[in-house]
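Working notes for the structure below.
The values are calculated or read from the model by the stated rules, or taken from the named source; none is laboratory data. If you're wondering where the values come from, they're calculated on a predicted model, not measured in any experiment. Backbone-built Cβ (ideal geometry, glycine too); neighbour counts: all protein chains shown. Accessible surface is based on the protein model in full, side chains and every heavy atom, while ligands, DNA and RNA are left aside. Shrake-Rupley method; radii C 1.70, N 1.55, O 1.52, S 1.80 Å.
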Amino acid sequence: MIHEVLPVGMLACNCSIFGDEHTREAIVIDPGDDVGRILELVAKHGLRVKAIVITHAHIDHIGGAAELKRATGAPVYMNGNDASLEATLAIQATWLGMPEPERVEIDATLAEGGTLRLGETEFQVLHTPGHTQGSISLWIPAEKKVVAGDTLFLGSIGRTDLPGGDARQILRSIHEKLLPLPEETVVIPGHGANTTIGQEKLFNYFLRG
Ligand SMILES: [Zn+2]
């Protein structure tokens, strides 16, 4: 499995590009910005984007989705509980002093238990609300990797003080959906460095008690 992590945009959102070596198909997760650079990496590996997945509807994760969809023709997937948040992209842009991004039409929703396939590899959808109501994580058992959006970070957890955030709910999501994954699972967070489930169980101050 090809896997590139590209920090995109002003807030350095980790955009993941997964590519299957045999089918040459790719799934792009969280194309927040810098679509030209994403497309360069896709082309470098000789891949064809078959799905665009949004972990949650914050501007730094979804801002480039319309442009990437136009360039690739790939459908865009997101959890339905973030539809109302997606409608506030213009307001989110104002908070950050950014130009308003183009709205993207969501083609299909991803809910708990849903799956996407890339070649032989299954991507399983975990609904992990708390940072936003529609936050999802993608668990890839064959790769022992989980793409966690802004739910779990190296030594930290997602903020819950923005509209749609819920501090108790994010802890429940992490304890019930992420920490039960194998300890060697690599966590690719929405921002910053990778970690593992085992490391966060031991050292993450926010998950104590
Ligand atoms: Zn976020």
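With contacts taken as Cα pairs under 8 Å and at least 6 residues apart, segment 1-55 reaches a relative contact order of 31 percent. For Phe153, the residues whose amide H sits under 5 Å from its own are Gly158, ignoring neighbours fewer than 5 places away on the same chain, with H placed 1.01 Å from N.
The mean accessible area for residues of the chain, using a 1.4 Å probe and ignoring ligands and nucleic acids, is 44 Å² per residue.
Of the accessible area of the chain, computed with a 1.4 Å probe over protein heavy atoms only, carbon and sulfur atoms account for 52 percent.
The peptide list 182-193, 197-208, put in order of mean Cβ contacts within 10 Å with the highest first, becomes 182-193, 197-208.
When you count the other C-beta atoms within 10 angstrom of each residue and take the mean per peptide, 72-81, 132-141, 38-47 line up highest first as 132-141, 72-81, 38-47. The distance separating the Cα centre of segment 90-106 from that of segment 123-187 comes to 24 Å. Mean residue ellipticity, 222 nm, helices only, the chain: the sum of -39500 (n - 2.57) across DSSP H runs of n ≥ 4, divided by residue count and rounded to 500, is -5500 deg cm²/dmol. Relative contact order, whole percent, for segment 64-209 stands at 18, derived from Cα pairs under 8 Å and 6 or more residues apart.
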